[in-house]
Each structure stands twice: as C-alpha cells, then as structure tokens.
Amino acid sequence: MEENKDEFYIGYLDEVPVKTKKSIKRFVLFSIGVIIIIATVFSLTQNTFKNSTFELTTSTKIMGVYHEMPYPMLKVKTSENTFKNILLLGFGKLSVNPYLNKIRKEVPELSGSMLSIEGNLIYYNGKTLLQVTSDEKINLIETANSKRLPISNILVEGIELKGEVIDPKCYFGVMKPGKGKIHRSCAVLCISGGIPPVLATTDENNISEYYLITDQQGQPIHKEITPYVGKPSLLKGNVVQIEDWYQLRIDVNTIKDLELPSRIY
Amino acid sequence: MGLDYQTVLWNKQKKTYDKWIAITMLIYLICFIGITILTNPETSIETLIIRAFGTLAIALLHIILAIGPLTRLNPKFLPILYNRRHLGVSMFLAALVHGGFSIFQFHSLGTTNPIYALFTSNIEYNSFTNFPFQVLGFFALIILFLMAATSHDFWLKNLSPKTWKRLHMMVYIAYGLIILHIFLGALQQQPSWGSIGVLSLGFIVITSLHLSTAFKESKLDKSKTSHVDDGWEYVCTTDEIPEDRAKIFIVDKERIAIFKYDQKLSAISNVCKHQGGPLGEGKIVDGCITCPWHGYQYLPHNGQSPPPFTEKVSTYRLRLIGKKIYVLPKALAEGTAVEPVIL
C-alpha cells in the first residue's frame, strides 16, 4: 500500500494501511512502556510486609496443657522450665470452640488436661497461634491436673494504652497486612466469629506488645468491641500477665476512638 | 452486520488485538509480581494476586477510557477502537480476580454471608474517612460485569443502541467509584506519592482528552449553515469535500454527512446504526459508505446497508448550484432513496 494513499482502516479486512500500522505499533509500544511504569510504581510503593508466617500447607502436632483464661490456649513446653502459650483458633474466621465440643464431651474437666493437637502454625514477633481444622486432630494425653495451669498476676491497674484492636489470626500471619482500614472488615468478622480480640501497641522504640482483651471480669469479648476494630483507639483497664501473654481487662464502653489515620501501633 | 450471532466473529485483526491484550496483561503481572517478590519478599500469594490484578484493572481502565477521545482526535487510533470490547472484557476479568479474591479473603469463611458481610462488617457509611471502601469497589465491579456481559452485538441489537450506549457510558461511574475505592482504601492505609501521582496523572490525562474532544465536537456543533429563502441551506462548495470522503454539517439540529464519490454527491445521517459511529469520518469503500468504527456499510444514495444486512439511516436531498452545495434540512425516512447530485 502506498504511503500517501488516503488510508482507511477496516477491522474485518486482513490488511492494515501502512501508516496506520506504524501508528498502532507506536501506540502499543507506548502503552506497554506506560504499563511497565505503572506496575513499577505500584509495586515499589507498597509498605514493607512483616515476616509473619502462616503454615497453610504444613500440619504440626503440638502437645501441651489446655487452658481457657478465657480464650482456649495450649501451654507447650519449649525447653526445661520454659513454656509458650499457643492461642488456639478455628478454621477461617471462627473460634476453636466448635472443634473442642467433641473432646469436651469425652473429658468434662478439660482445663489442665494434656492434649495433643494437630493444626497449622501461625507465628510472628514471639507469639504463636494454631489453627485447628478438625476435632479428630485433638487427642487427650493426660487427664486434668490444675497444677499445670498457668498462673495469672495482676500487673498494672487502670492503665491507658493506645493501639489498634486486631484479630490475632490475620495479624500474626494469615494476612498481609492483617491490620488497618483495608483489613477492618475481615477483623470484624473474625472477632465476631469468636477469634479473641487483641490490642497491638507500639512504643517510641518501635517495640510492639500485644494484649488479649477481655471484659473486667476476665470473660471473653467479641461483638461488643467490633466498632473499634482496625482503628487507632485508647483502651483503659487492668493488665494481667498469664506467663508469656498479657491480658487487658476493660470496660468496652470506655474505649475511645482516637479518630486518627488508620495505622498500626 | 447483526444478522445472526456467533460468540466472537474472529478475524485476523481481532486475533492480533487479543494477542497484544494478553501480552500487555502478562507483562504487567510479571513486572508487578516480580518487583514485589524481589523488593518485598515477605508478601503473601493472596495479597500479591489481589494487588497485581487490582492495579492491572486500573491501568487497563485508563487505556480503555483514553481510546474513545483519542480516536475522535486522530483517526489513526481507530484500530484500537475496533476491538475495544475485548479489552473491556479483559479488564473486567482482571477486576473480577481482584474482587473475587478480596471477597473470599476478607469476607468469606465466617459466620455471615460474604456479600452481606461486605455491606455490614463496616457500617460507618456516615463517615468519609472510615467509609466502607469495599462497597464502592463492589458496585464498580457490578457495572463492569453488566458491561462485559452485554458487550456482544446481540445485546446491542436487543437492548437498542441507545440503551446499550447509556449502559456502557456507566463506565465513567465505575471509574469514579474505583478512584474513591482506592483513595478510601489502599491509599488511606499506605499513602504514597508515587501511587497518588500515577492515579492523578491518569485522571488528568483522561479528563484532558475528553475535554479536547468535547471542544473539537462543540466547534462542529456551533458551525452554521447559511439559510436561503426556499428552505435549502448552503453548506460548502464541492472542492471542500475530498473524493470518497465526506464533510459533516449540522442541519435541523442533526449531524449529516455529505459524501463525494464517482462524480456524485449524497447526504445521509452522520450516526451509524451500530454504535453511533461518525459515518462522516468514514470512507466510500466498494461503493458503500463505511463506518470508521467497525466497518458497517451503507449505500450512499439510500442509506441502506447492502443486502443481506438491514440497517438503515436517514437520507437528505441535495442541490448543486455551480460549485455550491445546498441541503434540504428535513430528514427523509430511513432508507429513502434519493437521486445523487451529479457533479
């Protein structure tokens, strides 16, 4: 086709006029260049992801002392006189409680019992959680012995803590990021579904601490706290230490929404 | 041209077009995923998929929105308009992967129905900063779905071109919803000048192209023809219309195209029956006026598509005095034969 011909493109014809073809080649190359720039900018401007881990495809069997203070945990011996309390969670956005019903029927006095549980580990920043997906993977090893239960101590009374109420399952590994506004709806569903609410705080040295949130009597809180989930908030209450976990006992009605930009503390 | 329908009427150009859509999408995904893994290796596969496909959909949407005005400003871009629907469907699929994964990740596997949870897990609809941004993305995805689902000519014909066009103009509502979805979601949690800059630049480019097109079109709409006493209007001289091409005028508030071909002149409505393409920017090919958008054809003397096709557009009477062309502004019934003016 001659260069100076009055070109006209018709899509269903096989031939594309010469000058039109050149223009389209330039447009396609330009678009690909733009696409690469956009991909580069969007990928490079993401916040750094945490090195949290969720072992979705790996099952781990752990053995330890079951307790509820008030949330189900397994106290696991990691070395001589050293224990780690592993928070137990159910599949998806659910509590572990439905998976414990079977063994609760078999063992009425479950707290203090030695159990072996197989599930998927979640861990980050010194905290470990276990996702349980089947009641068949929970087995009794030894019957209850209250001496094996962790000791709780009131550490501080009337403390005010700024932080974000998170759902620990996502925060400690299942999702990245498992915090902030993007994740708020998910965290609300997790906590409504029975996953314990946790207050994540960060001090001026960028050291984070985590508090399992309960009511003033140390009983579980779930739906009542959802208006504050995923938002910077101020919580006031008593801190109780249960070995390697802190518990913050609060009156939900005293939580203050700090109305600050959504970010983790 | 709308007589019977196949899923896709493949031809060489469509295959080439689709090949480049796939290559472009693949390049984007490889770049985004590769750079993220290299620079931010602690990411998770779910987050990578959600973000890669979400940002890909935004990038494609900008290209799609630029195509319309680009072709109005420069006909050399017409080939990218020809198969824009496939690009639109590809963009919807990318958005669907983003939305589908997000709904599964953030709203499923709980005690509540995921769609119900999407609307109710954050109910701060009265707050701008805490607004549930997911809802905006959901409605945008519904619009994109409706557009993708009705993109075939079957729906164009059955919904009527006017309704179809209105439905597909909702892409601008989807664009607005998506921009808000991003600014009230991802960019609120991790604001970055780079991402804000890309989106702002995209908005400026799209808006500028549309304003430029609107300015160009408004100049045409404002152009006046000269009234003469007996109802005829003077439009131009024969020299002003290139051979096998047309010139567009506004008469009786309608755009008409006057074509010059084979030492003859004919006038028809400027609006193609297929998607409202500008017939006056088309060309006489094989004796037929050929629409620049998708190649729909009409016979110049009667505005009818050649058999077996059935589309018809209005025709107009012309008169030639010396080299001066006059038109009778009243449109004749669609498909009415009018003897061409002989030059």
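The values are calculated or read from the model by the stated rules, or taken from the named source; none is laboratory data. If you're wondering where the values come from, they're calculated on a predicted model, not measured in any experiment. For neighbour counting, all protein chains shown are included, and Cβ atoms are generated from backbone atoms with ideal geometry for every residue, glycine included.
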Open item on the list: Looking only at region B:194-234, how many residues end up being closer than 17 Å to B:Pro278 by Cβ, in a helix (DSSP H, G or I) and polar (S, T, N, Q)?
Closed with: 3
- [ ] Being surrounded by fewer than 17 Cβ atoms within 10 Å (Cβ to Cβ) and touching an Asp or Glu at 6+ places or on another chain (Cβ under 6 Å) is the filter here, so list the residues in region A:94-110 that pass it.
- [x] A:Lys102
Task: Of all residues making up region A:40-61, the number that are touching a Phe, Trp or Tyr at 6+ places or on another chain (Cβ under 9 Å) and closer than 17 Å to B:Trp193 by Cβ - done: 4
Task: Single unsatisfied condition, B:Ala214 versus (1) within 23 Å of the chain's Cα centre (by Cα); (2) in contact (Cβ under 8 Å) with a residue 12 or more places away in the chain - done: (2)
Open item on the list: I need the full set of residues from region B:208-254 which are crowded, with 16+ Cβ neighbours inside 10 Å, among the acidic types (Asp, Glu) and closer than 21 Å to B:Thr71 by Cα, in order please.
Closed with: B:Asp244
Task: Residue that is farthest from the other protein chains (Cβ to nearest Cβ), among those in region A:97-132 that are assigned to a loop (DSSP other than H, G, I, E, B) and free of Cβ contacts under 8 Å to residues at least 40 places away in the same chain - done: A:Glu109
TODO: Scan region A:181-195 residue by residue and report those that are small (Gly, Ala, Ser), more than 7 Å from chain B (Cβ to nearest Cβ) and in contact with a His (Cβ under 7 Å, 6 or more places away or on another chain).
DONE: A:Gly194
Open item on the list: assigned to a helix (DSSP H, G or I), at pLDDT below 95 and either closer than 21 Å to A:Val34 by Cβ or facing another protein chain (nearest Cβ under 8 Å) (or both): which single residue out of B:Thr55, B:Thr16 fits that description?
Closed with: B:Thr16
TODO: State whether the residues of region B:51-74 include one that is surrounded by fewer than 17 Cβ atoms within 10 Å (Cβ to Cβ) and of a type outside the set (Lys, Arg).
DONE: yes
Open item on the list: So, in region A:68-96, how many residues would count as being free of Cβ contacts under 8 Å to residues at least 12 places away in the same chain and part of a strand (DSSP E or B)?
Closed with: 3
- [ ] Report yes if A:Gln247 is modelled with pLDDT of 95 or more and buried (at least 18 other Cβ atoms within 10 Å of the Cβ), otherwise no.
- [x] yes
Open item on the list: Among the residues of region B:246-259, are any without any contact (Cβ under 8 Å) to a residue 24 or more places away in the chain and not basic (Lys, Arg)?
Closed with: no
Task: Number of positions in region A:37-93 that are of a type in the set (Lys, Arg), at pLDDT 95 or above and surrounded by 17 or more Cβ atoms within 10 Å (Cβ to Cβ) - done: 3
Task: strands (runs of 3 or more DSSP E) lying entirely in region A:159-265 (those with 1 or more residues that are touching a residue at least 12 places away in the same chain (Cβ under 8 Å), more than 12 Å from the chain's Cα centre (by Cα) and more than 29 Å from B:Ser102 (Cβ to Cβ)) - done: A:208-215, A:232-242, A:245-250
TODO: Output the number of the condition that B:Lys273 fails; it satisfies all remaining conditions of (1) of a type in the set (D, E, K, R); (2) away from chain A (no Cβ under 14 Å); (3) out of contact with any helix residue (DSSP H, G or I) (no Cβ under 8 Å at 6 or more places or on another chain).
DONE: (3)
